[in-house]
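Q: Please see the structure below; I have some questions.
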Amino acid sequence: MGSQVCPWWAGYFIDNPLRRMLHNPDAILGRYVRPGMTVMDLGCGMGFFSIAMARMVGDRGSVIAVDVQQRMLDVLQKRAKKSGVASRIRPHRAQSDCLRIDTPADFALAFAVVHEVSDTERFLAQVCSCLKPEARFLVAEPRLHVSAEAFQRMLALARAVGLVVLEQAPVRLSRAVVLGRQ
């Protein structure tokens, strides 16, 4: 993952209670994440979506929270413990160019992440290789940072690695789709 990564300290501005009004995790993820699932939060930051998904997957499920910054993962672990879901979250530090994940997932989320990776095609291929055959992969990119043309280029790369668009996802201020394996 990436060369243009959001600095760890900016996570405090991004991951805050007011954001729930704009990006409510239950509303965005509720139709995809179920009890007992194994899910991935790629570029998890301080856990805005990871903690919500940990509640959704329940005691039998798990969340693989992936980030390239150890400080983000450290804060995530503190927040998960405070929220009572730490046992359901597996923090995973990725390398800047390699996810290094071998656990198959039922669902993956990349929220405002793909535009930060240095090699989009490689990133998407690695995510695809982690997905179970019927898994879903929600990609949401901020409209302010990612043009419609850039988003279409990302979707072309997704198709090249074996992912197809299953549906558009209604995420405020974002270009968002749900992908699946071909």
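The values are calculated or read from the model by the stated rules, or taken from the named source; none is laboratory data. All values reported here derive from a predicted model rather than from experimental measurement. For neighbour counting, all protein chains shown are included, and Cβ atoms are generated from backbone atoms with ideal geometry for every residue, glycine included.
Q: Only residues that are surrounded by 16 or more Cβ atoms within 10 Å (Cβ to Cβ) and either among the charged types (D, E, K, R) or touching a Gly at 6+ places or on another chain (Cβ under 8 Å) (or both): list them for segment 132-145, please. It would help to see each step written out before you state the result.
A: The initial filter retains those residues of segment 132-145 that are surrounded by 16 or more Cβ atoms within 10 Å (Cβ to Cβ), namely 135-141.
Passing the criteria: Ala135, Arg136, Phe137, Glu141.
Q: To continue, here is another question. Is it the case, given these coordinates, that Arg136 is part of a loop (DSSP other than H, G, I, E, B), out of contact with any Asp or Glu (no Cβ under 7 Å at 6 or more places or on another chain) and of a type outside the set (S, T, N, Q)?
A: no
Q: What is the number of the single condition among (1) free of Cβ contacts under 8 Å to residues at least 40 places away in the same chain; (2) under 16 Å from the mean Cα position of the chain (by Cα); (3) surrounded by fewer than 19 Cβ atoms within 10 Å (Cβ to Cβ) that Ala148 does not meet?
A: Looking at each condition in turn, Ala148 falls short on (2).
Q: Restrict the check to segment 75-97 and report whether at least one residue is modelled with pLDDT under 95, touching a helix residue (DSSP H, G or I) at 6+ places or on another chain (Cβ under 9 Å) and more than 19 Å from Phe49 (Cβ to Cβ).
A: Yes, some residue in segment 75-97 is modelled with pLDDT under 95, touching a helix residue (DSSP H, G or I) at 6+ places or on another chain (Cβ under 9 Å) and more than 19 Å from Phe49 (Cβ to Cβ).
Q: Right, here's the next one. Any chance you could count how many residues in segment 144-174 are at pLDDT below 95, more than 25 Å from Arg34 (Cβ to Cβ) and out of contact with any Lys or Arg (no Cβ under 6 Å at 6 or more places or on another chain)?
A: Of the residues in that region, 2 qualify.
Q: Could you please find all residues in segment 1-46 being at pLDDT below 75, in a loop (DSSP other than H, G, I, E, B) and within 25 Å of Leu99 (Cβ to Cβ)?
A: Residues satisfying the conditions are Met1, Gly2, Ser3, Gln4, Val5, Cys6, Pro7, Asp15.
Q: Residues Asp119, Asp102, Asp41: which one is in contact with a strand residue (DSSP E or B) (Cβ under 8 Å, 6 or more places away or on another chain) and acidic (Asp, Glu)?
A: Of Asp119, Asp102, Asp41, the one residue that is in contact with a strand residue (DSSP E or B) (Cβ under 8 Å, 6 or more places away or on another chain) and acidic (Asp, Glu) is Asp41.
Q: Hey, Ile101 hits all of (1) surrounded by fewer than 24 Cβ atoms within 10 Å (Cβ to Cβ); (2) in a helix (DSSP H, G or I); (3) of a type in the set (A, V, I, L, M) but one; which does it fall short on?
A: Only one criterion in (1) surrounded by fewer than 24 Cβ atoms within 10 Å (Cβ to Cβ); (2) in a helix (DSSP H, G or I); (3) of a type in the set (A, V, I, L, M) is unmet by Ile101, namely (2).
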